[in-house]
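Novice: Okay, handing you the structure first.
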Amino acid sequence: MSWSVVVPVKGRPGAKSRLGDVPDREQLAEAFALDTVAALLAAPAVGRVYVVTPDLSVARRMEALGAEVVPEDRAESDPLNAAVRRGLAVARTDPHAHRAVITGDLPELTPGDVDQALRLASAHRRSMIPDAEGTGTTALFALAGVRLTPRFGAGSRAVHEADGHVPLPLPAAARIRRDVDTADDLAEALRLGAGVHTRAALAVAAQRPSA
Ligand SMILES: Nc1nc2c(ncn2[C@@H]2O[C@H](COP(=O)(O)OP(=O)(O)OP(=O)(O)O)[C@@H](O)[C@H]2O)c(=O)[nH]1
Ligand SMILES: C=C(OP(=O)(O)O)C(=O)O
């Protein structure tokens, strides 16, 4: 059975604010999301990818890759989980597909990583992948017909576990656990091999004369 995957992408304004003053930060955040979604779309176990975003530039580029875009009116409170719920509601139109939520900030992700994670997730009604630090969440899974309530945010691993999401046995260094939040995370992602969109965005930023 195939998986429908929801990817929330904040977009402009404000994407990846914790990256600080890296050049072209929002372009770079868009590139992280494009690399994440390209890996998902190339994974044989993935049927559909739903990108939830209010950003029209992100939306256009995601559609060109082959993702389906779910538009978002940013909610005033807890906008990330509101966006994920919106994507999951659209994904539920195929009641036979399993469902996953994966954050759009995994620029090193490969189709092989995705298939490995989905294979592990198939063994549990609800499961999750903690971020490398161990306190957050990069992915959430539920088999077809099983309720999935997203509770992303600080400390989300504990909350997802309390909801019955079993942490999948992947090492902290696994690419699917390495979300890029800070400049140090970015340096490490580049060292280990970020995707083509991220490398291209960085090359463009490097050529721009500094202000
Ligand atoms: N659609 C949508 N996605 C969001 C929203 N907030 C965060 N995300 C996405 O959720 C994932 C994890 O979020 P964060 O790591 O906090 O990313 P971020 O909000 O861009 O980063 P910071 O500004 O540094 O907190 C990323 O793919 C974000 O693009 C939102 O309000 N709407
Ligand atoms: C959204 C989350 O974390 P961060 O914003 O730190 O990536 C999370 O771990 O649920």
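Novice: Suppose we keep only residues that are part of a helix (DSSP H, G or I) and free of Cβ contacts under 8 Å to residues at least 24 places away in the same chain within segment 60-75. Which one would you say is farthest from ligand 1 (Cβ to nearest atom)?
Specialist: Within segment 60-75, the match that is farthest from ligand 1 (Cβ to nearest atom) is ALA64.
Novice: Scan segment 35-88 residue by residue and report those that are under 14 Å from the mean Cα position of the chain (by Cα), away from ligand 2 (no atom under 16 Å from the Cβ) and surrounded by fewer than 19 Cβ atoms within 10 Å (Cβ to Cβ).
Specialist: LEU41
Novice: ALA123 versus (1) surrounded by 15 or more Cβ atoms within 10 Å (Cβ to Cβ); (2) aliphatic (A, V, I, L, M); (3) more than 23 Å from THR53 (Cα to Cα): which is the lone unmet condition?
Specialist: (1)
Novice: Filter segment 119-163 down to residues that are over 24 Å from ASP185 (Cα atoms) and of a type in the set (Ser, Thr, Tyr), then give me how many there are.
Specialist: Within segment 119-163, residues that are over 24 Å from ASP185 (Cα atoms) and of a type in the set (Ser, Thr, Tyr) number 3.
Novice: Tell me, which helices (runs of 4 or more DSSP H) lie completely within segment 149-211 with 3 or more residues that are modelled with pLDDT under 95 and more than 13 Å from ligand 1 (Cβ to nearest atom)? Break it down stepwise before answering.
Specialist: Working: elements: 156-162, 183-192, 196-207.
By residue number, 183-192, 196-207.
This table checks each residue for (1) within 21 Å of ASP35 (Cβ to Cβ); (2) charged (D, E, K, R).
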site	(1), (2)
ASP105	yes, yes
VAL114	yes, no
PHE141	yes, no
ARG147	no, yes
GLU161	no, yes
ALA174	yes, no
VAL204	yes, no
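Novice: For segment 1-20, how many residues meet the condition of being within 7 Å of ligand 1 (Cβ to nearest atom), closer than 16 Å to ASP73 by Cβ and of a type in the set (Lys, Arg)?
Specialist: Of the residues in segment 1-20, 1 are within 7 Å of ligand 1 (Cβ to nearest atom), closer than 16 Å to ASP73 by Cβ and of a type in the set (Lys, Arg).
Novice: Among the residues of segment 131-143, write down those that are within 27 Å of ASP94 (Cα to Cα) and either more than 14 Å from ligand 1 (Cβ to nearest atom) or aliphatic (A, V, I, L, M) (or both).
Specialist: ALA139, LEU140, PHE141, ALA142, LEU143
Novice: Find all pairs meeting these conditions: Cβ atoms under 9 angstrom apart; at least six residues apart or on different chains; first residue within segment 36-51 and at pLDDT 95 or above and assigned to a loop (DSSP other than H, G, I, E, B); second residue surrounded by fewer than 24 Cβ atoms within 10 Å (Cβ to Cβ) and among the β-branched types (Val, Ile, Thr).
Specialist: Listed pairs, sorted by first residue: ALA42/THR110; ALA43/THR110.
The values are calculated or read from the model by the stated rules, or taken from the named source; none is laboratory data. Treat the numbers as computed from the prediction; the structure is a model and nothing was measured. Cβ: placed from backbone, ideal geometry, glycine included. Neighbour counts: every protein chain shown.
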